[in-house]
Amino acid sequence: MMDLLEATPESGTGFQPVRPSALAILKAFAQRQVKNLSHFLSPLLDTSRAAASIFLCSSWKTGALLCASLLLVPRYFLFAMSATLLGGIIAKLMHLPAAMRKDGTLLYNVVLSALAVAWITRNTTLPHTAIYGMLGIATVYSLLLSAALWHWFPLKAGLPPLSVAFVVVFGTLLTFFPLAAAASAALPYALPADPALPFVVNAFLRSLGTILFMPNVWAGVAVLVALLVWSRVAIVNAIAGYAGGIVVVKMLEACGLQWFGWFAGHNYLLAGMALGAVYFVPSWSSLALAFGGGAVAALNVAAVQHFLRGSGWEYLPLPYLLTIWSFLCAMRLREKSGSLLPTVGTFENPEAAAASIALANARFPHRHETHVLLPTSREVTVTQGFDDTLSHRGDWKHALDFEVHDAAGNACPPGCDDDLTRYYTQGLEVRAPGSGEVLRVIDSVPDNAPGGCNFAQNWGNHLILRLDHGGIIKLAHFTRNGILVKPGQHVTAGDLLGYCGNTGRSPVPHIHLHTQTTTDTGAPTTPFCLTNIFSRTADTLRWHFASVPQVGERIAPAVLSPTVLGTLAHLAPGVATYRQTGQSGQSRLTTNLDEAGRYLFSEGKSHLTAVLGLHALQITHSRLDGASELLRLLSFAMPTVPFAYQSGMIWEDCVASSAKRRGWAWASAYLGQRMQRVITKHALHPTHHRLQLLTTLPDAPAHLPREIEFTLEPIRGLTQLTARYADREVTFTQTSFTSTLP
């Protein structure tokens, strides 16, 4: 440690030697040892992630357990580690993507190829130099082939390359060394004898072990434990896939086919796991898909064993690859996704993917539809909705009609039904429901008398608008010469387009709005929703982020409040300290901004991610595995805060009632996720100094509060939160805030 001490200056300089404290010396020594240890552990971590990727898993913990199972045959572990180390060095020298090296997708074929070399040379008399030369060649070959396929397959075929590189490398080894492969297959593994289990259970566990070249029950148990650490849902789908494969095996055996279907079970369970839990969101539909995937994999096994009999290639996972690719290609042809949803994004495990999709469906049911603004600044009544009884039928069922009504629900003053100019909607300003380019304008059709319709010119005066964010909109029934924009003109959301009339198939003045598939005048309509609107009933004013209003609803555009937006957009990065009533300790809430401008609220291992969108601040991601009671309550209190404000307004949202990701949480993928409905309102009129809001949890279980009242202030963020339970009240009060702004 002497190098940590500063050198003593020469005498006579007038300076005294500066020696660091013992604590600083120990800290520097510990940091250096951690750095050295990280260099040593890096190959282990790379091998763990590569091993996990064999099962399409991203958990290094599962990979570490899989690597530990390789210690049942130490030769396998040594070969896997050596190949990963060599492959990582070569990938780094070639400047291949660091993300692919770290997440294991680039190296798992290398690990499989290393295991293949270790297996095929178990009973060989080749010198060690030749064996390790073979390992080096297989490593380089599989690495280069993996990199090439990871570039080509997704771009050209749109499919995952999976273990193609391993299949090519191992197939080549079987072709070059058939005698060595045959001798190795007959050589015992020196593993503990298989226990006495039912034949099907024994075969399933041996199939799990076969994936790591250890067709042994105990090896299969080790793999099973490793996968259970990652996902119970994955195991359920692996069992479903295996069951589907065995059903086909028994059927073909009953037909007199002589083949080795029982020894190819790894294809069935891998296909079931991949289709039912990885590439598609876990559900009852995906479980059925896993069963079907296993069955198809068994048919592919029979075909491969028939056509490649005696080559050694018939025992490779070719059937698994063919099954995954065929199902993924077939699923692309679906016109509707139904309940079988492809997994989009990266998740910790399949359970997390199912929970995320369920919450997104509850919170944002219209997220895949075109979002448009209400095309007027007035409060209007929906007089015809989707799939209605009049003209909104068949190919044109996704459309909305709007009229202006008085408080009594009349379209014009009583006794003025025959006077077109007395209708409240006649001459109503029609505004752009989004930014985009005007494509077509028809403006010369005369207005109808009240009660009349022009069926020859069904749409009357209308325009077609292509939105910048996607979607083609038609607005119809403008008054004659009442459209103010021209084709080719670009408009901004809210711009005045023209004035409503009574042209075309229109007995009374109204605005017709729909989105459609193409720019043709009579193109079929597509689903859409209105965004950022108020709906009014006799006793409530409700804000909607996105909604398809029903016939009879009174709706109006929600107007942004600079006061509310000013507070939400000025939550500063920093560290806030909170005192909890009845507790001696303190909570420390850290607020950060990421590169995308999202708010990151964290305390320990718990964190929330909030996004300032076009119309609201919304919590889009939460991880509440830690013990942060404050963040848990905040997730219920403010999942959404709109920028709009009007006295008495309320809004609703949903929050996952449980943050569990382990235990019986896997069953929620099939039995449904538990959601808690929350209703929020402004407790006081918002000011430039603070927003005070009140969230109610209707029908909340006993462990959740009945209501949460909280205050947000510019810069300081959350300054107070009070949660009221059935039997107690908990208050968090901010005692200090340290900004981290530069």
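The values are calculated or read from the model by the stated rules, or taken from the named source; none is laboratory data. Since the structure is predicted, the reported quantities are computational estimates derived from the model, not experimental observations. Neighbour counts run over all protein chains shown; Cβ positions are idealised from the backbone, glycine included.
Can you name every residue in region 697-712 that is among the acidic types (Asp, Glu) and touching a Lys or Arg at 6+ places or on another chain (Cβ under 6 Å)? Show your work before the answer.
In the first step, residues of region 697-712 are kept if they are among the acidic types (Asp, Glu); the result is 699, 707, 709.
Hit for region 697-712 is 707, nothing else.
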Of the residues in region 493-529, those that are over 20 Å from residue 379 (Cβ atoms) and touching a Cys at 6+ places or on another chain (Cβ under 9 Å) come to 504, 505, 506, 507
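Could you please give the count of residues in region 67-99 that are surrounded by fewer than 22 Cβ atoms within 10 Å (Cβ to Cβ) and not polar (S, T, N, Q)? Before the answer, list the steps.
We begin by selecting, within region 67-99, every residue surrounded by fewer than 22 Cβ atoms within 10 Å (Cβ to Cβ); these are 68, 71-72, 74-75, 77-78, 81-82, 85-86, 89-90, 92-99.
Then drop every residue that is not not polar (S, T, N, Q), which leaves 68, 71-72, 74-75, 77-78, 81, 85-86, 89-90, 92-99.
Qualifying residue count, region 67-99: 20.
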Filtering strands (runs of 3 or more DSSP E) wholly in region 596-651 for at least 2 residues that are within 18 Å of residue 571 (Cα to Cα) and of a type in the set (Val, Ile, Thr) gives 606-612, 616-623, 640-642
Pairs returned, first residue in region 631-659 that is at negative phi, second residue that is small (Gly, Ala, Ser) and in a loop (DSSP other than H, G, I, E, B), beta-carbon separation under 8 angstrom, 6 or more apart or interchain, are 632/659; 642/558; 643/561; 644/558; 644/561; 645/561; 646/558
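Specify which of the listed residues (521, 531) is within 22 Å of residue 435 (Cα to Cα), out of contact with any Phe, Trp or Tyr (no Cβ under 6 Å at 6 or more places or on another chain), of a type in the set (Ser, Thr, Tyr) and not in a strand (DSSP E or B).
Working: 531 fails: not in a strand (DSSP E or B).
Being within 22 Å of residue 435 (Cα to Cα), out of contact with any Phe, Trp or Tyr (no Cβ under 6 Å at 6 or more places or on another chain), of a type in the set (Ser, Thr, Tyr) and not in a strand (DSSP E or B) holds for just one of 521, 531, which is 521.
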Restricting region 533-564 to residues that are under 24 Å from the mean Cα position of the chain (by Cα) and not hydrophobic (A, V, I, L, M, F, W, C), the one nearest to residue 687 (Cα to Cα) turns out to be 544
Apart from one, (1) under 20 Å from residue 557 (Cβ atoms); (2) in contact with a Lys or Arg (Cβ under 6 Å, 6 or more places away or on another chain); (3) touching a residue at least 60 places away in the same chain (Cβ under 8 Å) all hold for residue 436; the odd one out is (3)
Given the conditions (1) under 30 Å from residue 254 (Cβ atoms); (2) without any contact (Cβ under 8 Å) to a residue 60 or more places away in the chain; (3) surrounded by fewer than 19 Cβ atoms within 10 Å (Cβ to Cβ), every one holds for residue 323 apart from (3)
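Please specify each residue of region 262-277 satisfying the condition of being under 18 Å from residue 347 (Cβ atoms) and either touching a residue at least 60 places away in the same chain (Cβ under 8 Å) or among the hydroxyl-bearing types (Ser, Thr, Tyr) (or both). Lay out the reasoning, then the answer.
Going residue by residue through region 262-277, those that are under 18 Å from residue 347 (Cβ atoms) are 273-277.
Matches in region 262-277: 273, 274, 277.
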Over region 381-434, the set of residues under 18 Å from residue 529 (Cβ atoms), of a type outside the set (Lys, Arg) and assigned to a loop (DSSP other than H, G, I, E, B) is 385, 386, 387, 388, 392, 398, 432, 433, 434
Those residues of region 85-108 which are under 17 Å from residue 44 (Cβ atoms) and among the small types (Gly, Ala, Ser) amount to 87, 88, 91, 104
Subset of region 344-364, residues of a type outside the set (A, V, I, L, M, F, W, C), surrounded by fewer than 19 Cβ atoms within 10 Å (Cβ to Cβ) and touching a residue at least 40 places away in the same chain (Cβ under 8 Å), comes to 346, 348
Confirm whether residue 213 is touching a residue at least 24 places away in the same chain (Cβ under 8 Å), assigned to a helix (DSSP H, G or I) and out of contact with any strand residue (DSSP E or B) (no Cβ under 9 Å at 6 or more places or on another chain).
-> no
Within region 104-127, the residues that are touching a residue at least 60 places away in the same chain (Cβ under 8 Å) and on the phi > 0 side of the Ramachandran plot are none
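This table checks each residue for (1) of a type in the set (Ser, Thr, Tyr); (2) surrounded by fewer than 22 Cβ atoms within 10 Å (Cβ to Cβ).
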{"site": "101", "(1), (2)": "no, yes"}
{"site": "107", "(1), (2)": "no, no"}
{"site": "125", "(1), (2)": "yes, yes"}
{"site": "133", "(1), (2)": "no, yes"}
{"site": "137", "(1), (2)": "no, yes"}
Per the list (1) assigned to a helix (DSSP H, G or I); (2) surrounded by 21 or more Cβ atoms within 10 Å (Cβ to Cβ), residue check on residue 182 breaks on (2)
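Working carefully through the options 718, 704, 631, 624, find the one that is among the hydrophobic types (A, V, I, L, M, F, W, C) and either modelled with pLDDT of 95 or more or surrounded by fewer than 15 Cβ atoms within 10 Å (Cβ to Cβ) (or both). Step through it out loud before you land on a result.
Numbers: 704 fails: either modelled with pLDDT of 95 or more or surrounded by fewer than 15 Cβ atoms within 10 Å (Cβ to Cβ) (or both); 631 fails: either modelled with pLDDT of 95 or more or surrounded by fewer than 15 Cβ atoms within 10 Å (Cβ to Cβ) (or both); 624 fails: either modelled with pLDDT of 95 or more or surrounded by fewer than 15 Cβ atoms within 10 Å (Cβ to Cβ) (or both).
The match here is 718.
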All-but-one check, residue 197 against (1) more than 34 Å from the chain's Cα centre (by Cα); (2) not in a loop (DSSP other than H, G, I, E, B), failing number (2)
Listed by first then second residue, the pairs whose first member lies in region 278-303 and is touching a residue at least 40 places away in the same chain (Cβ under 8 Å), whose partner is in a loop (DSSP other than H, G, I, E, B) and of a type in the set (Ser, Thr, Tyr), with beta carbons under 8 Å and at least 6 positions apart or on separate chains, are 278/343; 279/343; 280/343; 281/343; 283/339; 284/339; 285/339
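So which residues in region 54-66 are assigned to a helix (DSSP H, G or I), surrounded by 24 or more Cβ atoms within 10 Å (Cβ to Cβ) and either of a type in the set (S, T, N, Q) or in contact with a Leu (Cβ under 8 Å, 6 or more places away or on another chain) (or both)?
Within region 54-66, 62, 66 qualify.
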